[in-house]
Amino acid sequence: MAKEVKDFTEVNKGLTEENAVLEALRCMSCVRPTCVKGCPVGIDIPAFIQKVAEKDFEGAAAVIKADNMLPAICGRVCPQESQCEGACILAKKEKPVAVGALERYVADWEREHGTKLPAVAEPTGKHVAVVGSGPAGLTAAAELARFGHEVTVFESLHEAGGVLTYGIPEFRLPKAIVKAEIEQVKALGVEIRLNHLVGRSVPVEELLGYDAVFLGTGAGLPYFMGIEGENLNGVYSANEFLTRVNLMHANCFPEFDTPVKRGCKVVVVGGGNVAMDAARVARRLGAAVTLVYRRREEDLPARAVEVKNAHEEGVEFLCCANPVRIVGETAVEGVECVRMEMCEVDASGRPKPTCIEGSEFTLEADVFIEAIGQGPNPLLVSMIPGLERARRGNLVVDEDGRTTVARVYAAGDAATGAATVIWAMGSAKTAAAAIDKALKEE
Amino acid sequence: MYQVEDATQLSENVYQIWVNAPQVARHARAGQFLIIRVDETGERIPLTISATKGDSVRVIYMAVGKTTELLATKKKGDVLADIVGPLGTPSEIKNYGTVVVIGGGVGIASTPIIAREAKEAGNHVIGIIGARNKDLLILEDEMEEVCDELFITTDDGSKGVHGFASTVLEGLLKERTIDCVWIVGPAIMMKVTSRVTIPYKVKTFVSLNPIMVDGTGMCGSCRVTVGGETKFACVDGPEFDAHQVDFDSLMQRQRMYTDEEKEAREHFHHHDHHGGCGCCGGKH
């Protein structure tokens, strides 16, 4: 068993100062940097890397924070390979510059050596409500505060951070780092009201009384497969499984009061980053883990590095298979699956998986985790009159994040459907700029 | 932090606590609940909102597990780590005509607020409160005050009608027109009692209490089967049409953590402080 599957400490240890400087020196400082175009929040990447090369880490941090208030988080969880690093000119010849690792190095250096806040504009007297304190909400809040607006963030859980807190495990994103970056956002003057569920604790009329409203409510509604046996004890949505461990520390039961079924044999269904997280958490809780995915391994939507880590930590991959029934009396005893074969390419451009008749087989299991995706939480949006939703429940917004209700904006997963932390942040920045423009024109 | 304003024991193992939680108290309606986390290592437990007064909210609970036992040690002036609410969809209250509001055991906690709103909506309100014996009956005065008629039942006959709430309900259905019924209590009691109204085709609501984590529709832990469909009790409920609820599945899911609950209680009774796992950061 690989060493890191026994505990929840961070797997990726990051760069040393020497390596960071050496890596920074590889940057070509392109005149028209393609990496910046590949960054959803538009960090001036060559400028910050230049500062790293000069060992001016404080200066590097200032460059990053001009565009991104959550650099230690992004440096860890961004899919850099398909963004900045994928767009790096060196990626065509050799390895791209490790932009993500450098961003993380700079953010970690700054946190350890004392952080400096970016400038905040004079107060405008405008008050903006932000719903949700995940990546989108925090980014919008930080941007709006820097523009001089008074910002109140409403968070329904007892801790801020949204998916950064309840979803992404400690070994990928330590919670102390999430907390430190949230403190930075608060230091800009942002108020975060925990334990406030908008629509219930805060009436919609009160919300609409703000000068502008930003909805960053994410995609927290778990999808279930709708197969037989889903209500058996031991069946979890990945959301529940991860929330119990990440937010409620069920891995420390009974020192912490929230329990979780650890299982001896855990089956996870799904192929995205959330599925990898659930599988790797289950491994750390001591189970043998099989990840069932209906397409081929090369089709896995999760980041390659997450798949690699899951493999190294002993997660078994069972591709071209799909659960059809959960077996058991009162609790999970097994998961009946069918083999899948790939047929013609479907609308998403991927081969369409089809069941092979009569290929049923049963995996022994005592815990079954469904990580097949999430939709936007419908609770609040169903309460705001006139707020239009698209077919899959996500909010209809224009390119600036305007919803169909005046002064109400939305970004992140609530608007785009489940995506990445950085895409949520990028769209939140755009919406915050549009809110600022609208408020200043009033 | 949320300050405890009053805490008293109502009967054997049953306690009431008033807590300052303005955002909950100001907006709470009948049928809704809140989630409490007692301290930094605590779990999130859903409890029905029993009453509100100014910025304070009352919950009534039975000390049956680690968290509720710990909650029972809290006194006036103590603080609770977190309270979020009101959660859930409020009771579907309108002028039905004659309604019956039934509480079983600690479930009586939820009934005065429903009875009061039903009365304000113009209904003739009949209350039935039942418990195993007279010492376990709670909120009799409050129900007496708010209901037009009140029946009391005890399993052992120590007070009121000897029998169950279902006995009285059946009698009422036979002799007059009942337009709507609410039943709040243990799952088995709700299952049995709600069957009585089926032949009379009376709209019957029950308040379900499955295991929950976030209470906002995010985890799916509280999923229940209603009319063959999966619903989340935290946002779609907690009240549902009793005749459509799959109670057996509910009861099976309620027992999911029986072993862990026992372990947590033993741990609670044998350890004065936390430590050792490294999660507490030396705070406990």
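General remarks:
- When you filter the trypsin sites (Lys or Arg not before Pro) in the stretch A:357-410 for DSSP loop state and at most 13 other Cβ atoms inside 10 Å of their Cβ, you are left with A:391, A:392.
- Lys/Arg +1, Asp/Glu -1 at C-beta; the stretch A:224-372 dipole; positive extreme among A:248, A:235, A:323: A:248
- Computed from point charges on the beta carbon alone (+1 for Lys and Arg, -1 for Asp and Glu), the dipole magnitude for the stretch A:83-124 about its Cα centre is near 240 Debye.
- To put it simply, the accessible area of chain A at a 1.4 Å probe is 52 percent carbon and sulfur.
- Relative to the longest principal axis of the Cα atoms of chain B, the long axis of helix B:258-270 makes an angle of roughly 50 degrees.
- Label separation (residue A:224 vs residue B:92): 2.1 nm, computed from points 7 Å beyond Cα along the C-beta direction.
- Spatial separation of Cα centroids for the stretch B:77-139 and the stretch A:98-170, in angstrom: 42 Å
- For the listed residue pairs B:159/B:203; A:6/A:261; A:93/A:175; B:53/B:94, the alpha carbons are over 27 angstrom apart in B:159/B:203; A:93/A:175.
- Across the accessible surface of the stretch B:31-117, with the other protein chains kept in place and a 1.4 Å probe, carbon and sulfur atoms take up 51 percent.
- Nitroxide proxy distance, nm - points 7 Å out along Cα→Cβ at residue A:89 and residue B:269: 7.3 nm
- The label-point distance for residue A:26 and residue A:7, in a model that sets each label 7 Å from Cα toward Cβ, rounds to 3.0 nm.
- Under-5 Å amide H pairs with residue B:151, H placed in peptide plane, nonlocal only: B:127, B:128, B:129
- Taking the centroid of alpha carbons for each part, the stretch B:10-47 and the stretch A:211-230 are 25 Å apart.
- GNM top mover of B:62, B:256, B:189 - chain B, alpha-carbon springs below 10 Å: B:256
- Per-residue ellipticity at 222 nm from helix content only, as computed over chain B with -39500 (n - 2.57) for each DSSP H run of at least four residues, stands at -6500 deg cm²/dmol.
- Cα long-axis angle, helix B:111-120 against chain B (0 to 90 degrees, to the nearest 10): 50 degrees
- With all protein chains kept in place, the per residue accessible area of chain A amounts to 40 square angstrom at a probe of 1.4 angstrom.
- Since only A:61, A:115, A:125 are under comparison, the one whose Cα sits farthest along the positive direction of the charge dipole of chain A, derived from C-beta charges on Lys, Arg, Asp and Glu, is A:61.
- The protein assembly as shown, Cα convex hull volume normalised per residue, Å³: 174 Å³
- Loop-resident trypsin sites (Lys or Arg not before Pro) (DSSP state other than H, G, I, E or B) in the stretch B:116-181 with no more than 13 further Cβ atoms inside 10 Å of their Cβ: B:176.
- Kirkwood Rh and Cα Rg combined as Rg/Rh, the stretch A:224-372: 0.98
- Positive-end residue, the stretch B:2-87 charge dipole about Cα centroid, Cβ charges, pick of B:32, B:4, B:77: B:32
- Springs join every pair of Cα atoms under 10 Å in this Gaussian network model of chain A, and among A:249, A:113, A:149 the largest mean-square fluctuation is at A:113.
- The 3J(HN,Hα) values that the Karplus relation (6.51, -1.76, 1.60; θ = phi - 60°) gives for the stretch A:345-353 are, in residue order, 5, 8, 4, 7, x, 9, x, 7, x Hz. Gly and Pro appear as x.
- Label-zone membership for the stretch A:73-89, site residue A:37, 7 angstrom Cα→C-beta point, backbone N under 20 Å: A:79-89
- If only the Cβ of Lys and Arg carry +1 and only the Cβ of Asp and Glu carry -1, the dipole of chain B around its Cα centre is close to 360 debye.
- Span-like helix check, chain A: qualifying full DSSP H segments, with Cα axial length of 15 Å or more and mean Kyte-Doolittle of -0.5 or more, are A:135-146, A:175-187, A:273-284, A:421-441.
- Taken residue by residue and averaged, Cβ atoms of other chains lying within 10 Å of the Cβ of B:30-43 number 3.
- In this structure the amide hydrogen of residue B:10, modeled in the peptide plane, comes within under 5 Å of the amide hydrogens of B:15, B:16, none closer than 5 places in sequence on its chain.
- Note, ³J(HN,Hα) from phi for the stretch A:158-166, Karplus 6.51, -1.76, 1.60, rounded to Hz, x at Gly and Pro: 7, 9, 7, x, x, 4, 5, 9, 8
- GNM result for chain A, Cα springs below 10 Å: residue of A:201, A:348, A:382 fluctuating most strongly: A:348
- Prolate/oblate/rounded label for the stretch B:2-87 (Cα gyration tensor, a/c 1.5): rounded
- Interface size B-A, as summed buried accessible area [1.4 Å probe, Å², nearest 100]: 4000 Å²
- Drop in accessible area of at least 40 Å² in the complex versus isolated chain, residues of the stretch B:190-228, 1.4 Å probe: B:213, B:216, B:218, B:219, B:223
- The aspartates and glutamates within cross-link reach of residue A:51, meaning a Cα-to-Cα straight distance under 20 Å and a gap of 8 or more places when in the same chain, are A:17, A:18, A:23, A:67, A:85, A:103, A:108, A:110, A:112.
- Long-range HN-HN contacts of residue A:328 with modeled amide H, under 5 Å: A:333
- Estimated vicinal HN-Hα couplings, Hz - the stretch B:57-70 in sequence order (Karplus 6.51, -1.76, 1.60; Gly, Pro = x): 10, 10, 10, 10, 8, 9, 7, 10, x, 4, 5, 6, 5, 5
- Principal-axis tilt of helix B:165-175 within chain B, Cα atoms, nearest 10 degrees: 20 degrees
- For the stretch A:75-139, the set of trypsin sites (Lys or Arg not before Pro) satisfying both a DSSP loop assignment and a count of at most 15 other C-beta atoms within 10 Å is given as A:93, A:116.
The values are calculated or read from the model by the stated rules, or taken from the named source; none is laboratory data. What you are looking at is a predicted structure, and each value in this text was computed from that prediction instead of being measured. Ideal geometry is used to build each Cβ from the backbone, glycine not excepted, and the neighbour counts take in all protein chains shown. In case anyone asks, the SASA skips ligands and DNA or RNA and just uses the protein heavy atoms, side chains included. Shrake-Rupley method; radii C 1.70, N 1.55, O 1.52, S 1.80 Å.
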